[in-house]
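**Student:** Here it is: the structure, laid out below.
The values are calculated or read from the model by the stated rules, or taken from the named source; none is laboratory data. Remember, it's a predicted structure, so these values are computed and weren't measured experimentally. Please note: Cβ atoms are built from the backbone with ideal geometry, for glycine as well, and neighbour counts cover all protein chains shown.
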Amino acid sequence: MAEIICGARPAREINAEIRRAIAAGDREIIVQDPGARHNLGVAILEPVRIRFVGSVGYYCAGLIDGPRVEIDQSAGWGLAESMMSGEVIVRGSAGNGAAAAIRGGTVVIHGDAAARLGVSMKGGTVLVAGRCGYMAGFMGQKGRLVVCGDAGDAFADSMYETVCYVGGRIEGLGTDAVIERPSADEAAWLDSTLAQYLPGARRRGEDFQKVLAGRKLWNFDKREWKVWQEAL
Amino acid sequence: MCGIVGFFVKDGDGQAETGRTILDMLRALGCRGPDSAGVALFGAPNDGRFVVRVKLGDGGDLKSRAWQVSAQLESFGGTSHFSTIGAYARFLADGQTDLRRLTEFVESLDRDFEVVSIGHCLEIVKQTGSPENLENTYCISQLKGTHGLGHTRLSTESRVDLSHSQPFWSHGFPDLAIVHNGHITNYHQLRRRYEQRGVRFYTENDSEVVAIYLAQQLCAGSSLQEALERMLRDLDGSYSCLVATERQLGFVKDPFALKPLVMTETADFVAVATEEIAIRAALPGVYSVREAQVREVRVWQR
């Protein structure tokens with residue numbers, strides 16, 4: 001195990017030390033006092049465990065492929081952006097654009113997520129114990145987005161094949177978003193996934209609303225003017 | 001891109017090291033705006049008198065200008081405790097002073113003069129350059145107070161000088177200061193409307209209209225909470241704004257959540273900033289921080 005003390009050092013030095021520890025064979029790295037610095041733990045491609053003892057700033061754990069990254073407090077904008085695989089666990093809240101454009105892996109937020117959660121995600125799973133802000137799921141192409149609390153306005157706007165589940169109230173649906181009941185299989189998946197990652201959420205899978213694309217926006221023929229008009 | 005910060009002590013006698021806290025927060029956000037830095041600090045009231053801060057100019061012979069203000073104020077009457085520091089003259093004015101008349105009087109003495117703040121508790125200090133420059137000239141870290149605002153500016157659309165720096169005071173309305181990060185896209189429309197009503201604009205900075213808008217709302221009897229909620233309806237664009245009055249600190253986040261703003265509240269204080277790094281740098285301890293939600297308005301009162 002390696003322990004890194006951030007002190008007054010810039011993010012570049014801290015990231016270099018994380019990489020040196022991985023290259024030396026350490027599989028567990030603890031980063032003390034990150035002080036909400038930006039760009040920590042980016043582009044890590046090894047199946048290591050990195051724990052940030054404190055808050056992190058923008059773009060933490062972006063572009064990762066394989067590690068488990070834990071953040072004891074909150075995370076700034078762009079958490080885990082474009083991650084390929086692995087796990088990112090935030091014990092506090094996350095800022096705008098968490099899990100944007102992820103291709104795979106799991107992002108877990110124990111607090112609230114701000115605006116634009118999981119926009120343009122192309123795979124993976126996002127789990128939020130609290131609520132999410134404005135325009136979550138916008139243009140989501142694949143993957144699953146689960147919000148145990150309330151969802152903000154313009155939820156699931158202009159999505160493709162991302163599937164969302166909301167345990168609380170939805171302030172407003174985005175363009176082309178429709179609500180369904182989750183199937184028995186989906187409810188079971190929610191139960192087991194929440195039991196694994198957010199046991200404190202105390203939500204039953206069957207109580208969630210499922211939100212997905214109505215496919216009127218992206219599955220239209222330009223000659224079908226009326227369908228296009230209604231979708232908007 | 002700018003950096004804004006706010007700090008509010010819930011209790012106490014106004015002797016908290018608010019200047020030190022605001023400065024440390026600003027230093028952490030210095031990279032968000034190297035063009036200018038400024039603070040609005042709310043200290044203990046001066047026995048009902050107003051504190052007046054006057055910008056003497058952006059350069060030149062500031063000493064002789066200060067002497068000019070001091071001499072002319074004697075004829076105006078009701079002022080005392082005149083002093084100068086850096087680019088500013090500072091003096092006290094009796095509680096019964098007609099603030100509009102005083103402002104017009106001072107600003108008529110020289111076209112470079114501008115009354116930067118008036119309040120029972122409020123003092124605004126700003127200048128071009130980094131927070132470090134501000135500290136070197138004005139010793140911000142030594143100032144005590146109950147609450148305050150800070151700003152580091154990256155100029156995008158208007159001039160870089162003292163007047164265009166933030167915080168902004170709404171001329172004529174004592175103890176009201178704002179800092180703003182973003183763009184008010186209907187600024188020209190609002191400005192034209194206000195100018196038709198005789199309101200004077202001192203800068204080309206769109207943030208100035210926020211101070212004017214809020215002052216007009218408060219003058220019309222709105223609470224700060226109501227004024228900030230109306231702002232979401234009347235001001236277009238992407239913005240995070242912090243506002244402070246004699247006893248309040250508030251914020252508003254725009255309808256599209258395009259500008260960052262994070263906050264924390266403990267039993268002792270409230271801290272709000274563009275980035276969490278500012279809060280962590282200035283305020284050690286265990287507390288949680290979260291991003292403000294879209295259209296969120298909060299006001300704290302002493």
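**Student:** I need a count of the residues in region B:144-155 that are among the hydrophobic types (A, V, I, L, M, F, W, C) and modelled with pLDDT of 95 or more.
**Tutor:** 1
**Student:** For residue B:216, only one of the following conditions fails: (1) polar (S, T, N, Q); (2) within 10 Å of another protein chain (Cβ to nearest Cβ); (3) in a helix (DSSP H, G or I). What is its number?
**Tutor:** Going through the list (1) polar (S, T, N, Q); (2) within 10 Å of another protein chain (Cβ to nearest Cβ); (3) in a helix (DSSP H, G or I), residue B:216 breaks only (2).
**Student:** Only residues in region A:174-199 that are closer than 20 Å to residue A:160 by Cβ count as the first member; pair them with residues that are among the basic types (Lys, Arg) and outside any loop (DSSP other than H, G, I, E, B), Cβ under 6 angstrom, at least 6 apart or cross-chain, and list the lot.
**Tutor:** Every condition considered, the pairs that remain are A:180/A:210; A:182/A:210.
**Student:** Name every residue in region A:152-173 that is without any contact (Cβ under 8 Å) to a residue 24 or more places away in the chain and of a type in the set (Gly, Ala, Ser), in order of residue number.
**Tutor:** Once the filter is applied, which keeps residues that are without any contact (Cβ under 8 Å) to a residue 24 or more places away in the chain and of a type in the set (Gly, Ala, Ser), region A:152-173 yields A:154, A:172.
**Student:** For residues that are part of a loop (DSSP other than H, G, I, E, B), within 14 Å of chain B (Cβ to nearest Cβ) and out of contact with any helix residue (DSSP H, G or I) (no Cβ under 8 Å at 6 or more places or on another chain), tally how many sit in region A:118-130.
**Tutor:** Of the residues in that region, 2 qualify.
**Student:** Still on this structure, please answer the following. Quickly run through region A:147-163 and pick out the residues that are within 12 Å of chain B (Cβ to nearest Cβ), hydrophobic (A, V, I, L, M, F, W, C) and not in a strand (DSSP E or B).
**Tutor:** Answer for region A:147-163, where residues must be within 12 Å of chain B (Cβ to nearest Cβ), hydrophobic (A, V, I, L, M, F, W, C) and not in a strand (DSSP E or B): just A:154.
**Student:** Can you name the strands (runs of 3 or more DSSP E) wholly within region A:8-117 that have at least 1 residues being more than 11 Å from chain B (Cβ to nearest Cβ) and closer than 28 Å to residue A:160 by Cα?
**Tutor:** Hits in region A:8-117: A:65-71, A:85-90, A:106-109.
**Student:** Are any of the residues in region B:257-271 part of a loop (DSSP other than H, G, I, E, B), within 19 Å of the chain's Cα centre (by Cα) and of a type in the set (A, V, I, L, M, F, W, C)?
**Tutor:** yes
**Student:** Tell me, yes or no, whether region B:159-176 has at least one residue that is part of a helix (DSSP H, G or I) and either at pLDDT 95 or above or under 18 Å from residue B:52 (Cα atoms) (or both).
**Tutor:** no
**Student:** Could you check residue B:145 against (1) farther than 27 Å from residue B:301 by Cα; (2) part of a loop (DSSP other than H, G, I, E, B) and say which number it fails?
**Tutor:** (1)
**Student:** Restricting attention to region A:131-146, does a residue exist that is aliphatic (A, V, I, L, M), free of Cβ contacts under 8 Å to residues at least 24 places away in the same chain and within 14 Å of chain B (Cβ to nearest Cβ)?
**Tutor:** Within region A:131-146, not a single residue is aliphatic (A, V, I, L, M), free of Cβ contacts under 8 Å to residues at least 24 places away in the same chain and within 14 Å of chain B (Cβ to nearest Cβ).
**Student:** Would you be able to tell me the number of residues in region B:256-302 that are within 11 Å of chain A (Cβ to nearest Cβ), among the acidic types (Asp, Glu) and over 20 Å from residue A:90 (Cα atoms)?
**Tutor:** Result for region B:256-302: 1.
**Student:** Look at residue A:214 and say whether it is in the same structural domain as residue A:150 (by TED's automatic domain parsing), touching a helix residue (DSSP H, G or I) at 6+ places or on another chain (Cβ under 8 Å) and farther than 23 Å from residue A:106 by Cα.
**Tutor:** yes
**Student:** I need the full set of residues from region A:157-195 which are in contact with a strand residue (DSSP E or B) (Cβ under 9 Å, 6 or more places away or on another chain) and among the polar types (S, T, N, Q), in order please.
**Tutor:** Once the filter is applied, which keeps residues that are in contact with a strand residue (DSSP E or B) (Cβ under 9 Å, 6 or more places away or on another chain) and among the polar types (S, T, N, Q), region A:157-195 yields A:158, A:162, A:183, A:193.
**Student:** Test residue B:27 against the criterion of being surrounded by fewer than 24 Cβ atoms within 10 Å (Cβ to Cβ), at pLDDT 95 or above and touching a Ser or Thr at 6+ places or on another chain (Cβ under 6 Å), and give yes or no.
**Tutor:** Here the answer is no, as residue B:27 does not meet what is asked.
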